[in-house]
Amino acid sequence: MSPIFTVDKVLNYKLKVPHIIKYMGSKSSLLKYLVDSFNEIYEGEDICDLFSGSSVLSGSLGNEVTMHVNDIQSYSAVLAKTYLGNYCWADYPNIIEEVIQIAQKHLEKVHVLYPKLKFEYHHNMPLKEFNDLEQQQQELIYSDFIDIEHHLFIKKYSGTYWSFEQCLWIDAIRIAAEEYSKTPVYNTILSSLMFAMAYNAQSTGHYAQYRKANNPNSMNDIIIYRKKEIIPYFEKKFKELIEFTGQNQFEHTFNSLDYRECLEFIPEGTLVYADPPYNFVHYSRFYHALETLIRYDYPDVLFKGRYRTDRHQSPFCKSSEVVGAFEELFQGIKNKKAKLVLSYSNSGMISLEEILELAKTTLGNNYEVYSKGIDYKHSTMGRVDDKSREVKEYLVMAKPINK
């Protein structure tokens, strides 16, 4: 039975937060359960979203409490800043049209400089013709594009997750975003672009690998995505985000730090929500293209998936390091006299019993530690044959005991 704590304040939250990316670890469907659980131990302190991922939780709470949002991946901070930005949209009455106009100029320039780079898809084209067309685009990775200052996606990703034309629009909107880099609008542009990328990509919802056409059926399925356009999806999400966001006077912080560094940074007594990776799959393998979009740093890329060579490897995803990772997490909580709500799954690297033992040992007698669970469908995002799996989602709750 869970302990009963007396609290002074209750967190409210937004149940419907516009989703931006197809995220394997999204907690969108668990928002009510999570915030109700926070309220068991919440007493008005700041909240830290330590592994913010898609930042949906931060978006849900960000008009209610000061948030310290963190994730080692840079794109996550952009998502959080989008949800939690302080906007006066009346100052940008034509923002979507302006961004598209800037992007269109880049598009026209590239088409003039490289008129032969046209790749036409049509349904029921011969399979060999289709694969030749894909190969031609993939080989653009060996091109210099010396006449174009910004060409990252057409060079690195054409004919992979996106077509050349889709990559050209990605580059173009990314360039347009820089015109607004000193405004909150910058993050909304990038987030809307990430949404458009997700729904134009021919992969299964992430960027671990793109699909290849092995037969006419798979070819025609890929062509459906090749014929999609970036702009309609970009506009749709931008309008939705404008409606969702507005003025926000909280002094939120946003970081892309290792979780241990972040725990050193937060105020003493913060309520920390920790949702680390559960298994051996490194998230950087699934969302590397988003990291590249935000950093736009022309990284070296390897293998069929065009992975960055500097992808982050989480200790929570390594059997030899996961125990130590949890110990350091709990020690960081103890050092800050913080509260903790930790999400984990019965499909994780270690058991709930092990986590509870580690928590009680590390936090010591000055903490009350308990757990609770809920049945949950976890999306596999196409990693395996089943699209989702029934799992038990656990919360490990820890609160300092006032003595």
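Is segment 377-397 home to any residue that is surrounded by fewer than 19 Cβ atoms within 10 Å (Cβ to Cβ), at pLDDT below 90 and among the aliphatic types (A, V, I, L, M)? For segment 377-397, residues surrounded by fewer than 19 Cβ atoms within 10 Å (Cβ to Cβ), at pLDDT below 90 and among the aliphatic types (A, V, I, L, M): present.
Listed here are the residues, each with its yes/no results for (1) assigned to a loop (DSSP other than H, G, I, E, B); (2) within 26 Å of Arg308 (Cβ to Cβ).
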residue: Ile21; (1), (2): yes, yes
residue: Cys48; (1), (2): no, no
residue: Phe51; (1), (2): yes, yes
residue: Ser54; (1), (2): yes, yes
residue: Ser58; (1), (2): no, yes
residue: Glu64; (1), (2): yes, no
residue: Val69; (1), (2): no, yes
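Among the residues making up segment 224-254, those that are in contact (Cβ under 8 Å) with a residue 60 or more places away in the chain and of a type in the set (Lys, Arg) are Arg226, Lys227, Lys228, Lys237, Lys239. Taking into account only those residues within segment 120-137 that are touching a residue at least 24 places away in the same chain (Cβ under 8 Å) and assigned to a helix (DSSP H, G or I), which is surrounded by the most Cβ atoms within 10 Å (Cβ to Cβ)? Here the residue is Glu134. Of note, Thr188 satisfies the criterion of being of a type outside the set (A, V, I, L, M), out of contact with any Phe, Trp or Tyr (no Cβ under 6 Å at 6 or more places or on another chain), part of a helix (DSSP H, G or I) and under 30 Å from Gln247 (Cα atoms). Exactly one residue out of Asn124, Asn94 is modelled with pLDDT under 95 and either of a type in the set (S, T, N, Q) or under 20 Å from the mean Cα position of the chain (by Cα) (or both): that is Asn124. Could we say that Phe326 is of a type in the set (Phe, Trp, Tyr), in contact with a helix residue (DSSP H, G or I) (Cβ under 6 Å, 6 or more places away or on another chain) and assigned by TED's automatic domain parsing to the domain that holds Asn63 here? When the stated conditions are applied, Phe326 passes them.
Checking Asn215, Asn220 one by one, the residue that is modelled with pLDDT of 95 or more, surrounded by fewer than 18 Cβ atoms within 10 Å (Cβ to Cβ) and touching a His at 6+ places or on another chain (Cβ under 6 Å) is Asn220 and no other. Does Asp71 count as outside the structural domain of Asn220 (by TED's automatic domain parsing) and acidic (Asp, Glu)? When the stated conditions are applied, Asp71 passes them. Selection within segment 71-98: residues that are among the aromatic types (Phe, Trp, Tyr) and in a helix (DSSP H, G or I). The member of this set that is nearest to Leu11 (Cα to Cα) is Tyr83. If you go through segment 72-80 one residue at a time, do you hit one that is of a type outside the set (S, T, N, Q) and farther than 25 Å from Ala198 by Cα? Looking for residues that are of a type outside the set (S, T, N, Q) and farther than 25 Å from Ala198 by Cα, one finds none in segment 72-80, hence no. Where in segment 237-345 are there strands (runs of 3 or more DSSP E), lying fully within it, with 1 or more residues that are over 30 Å from Glu390 (Cα atoms)? Per the criteria, 253-255. Identify, from the list Leu140, Leu113, the residue that is within 27 Å of Pro232 (Cβ to Cβ), free of Cβ contacts under 8 Å to residues at least 60 places away in the same chain, surrounded by 18 or more Cβ atoms within 10 Å (Cβ to Cβ) and not hydroxyl-bearing (Ser, Thr, Tyr). None of the others qualify; the one that does is Leu140.
For segment 276-287, the criterion of a residue being under 18 Å from the mean Cα position of the chain (by Cα), without any contact (Cβ under 8 Å) to a residue 60 or more places away in the chain, over 14 Å from Asn70 (Cβ atoms) and surrounded by fewer than 21 Cβ atoms within 10 Å (Cβ to Cβ) is satisfied by at least one position.
The values are calculated or read from the model by the stated rules, or taken from the named source; none is laboratory data. Remember, it's a predicted structure, so these values are computed and weren't measured experimentally. Neighbour counts are summed over all protein chains in view; Cβ atoms, including those assigned to glycine, are modelled from backbone coordinates with ideal geometry.
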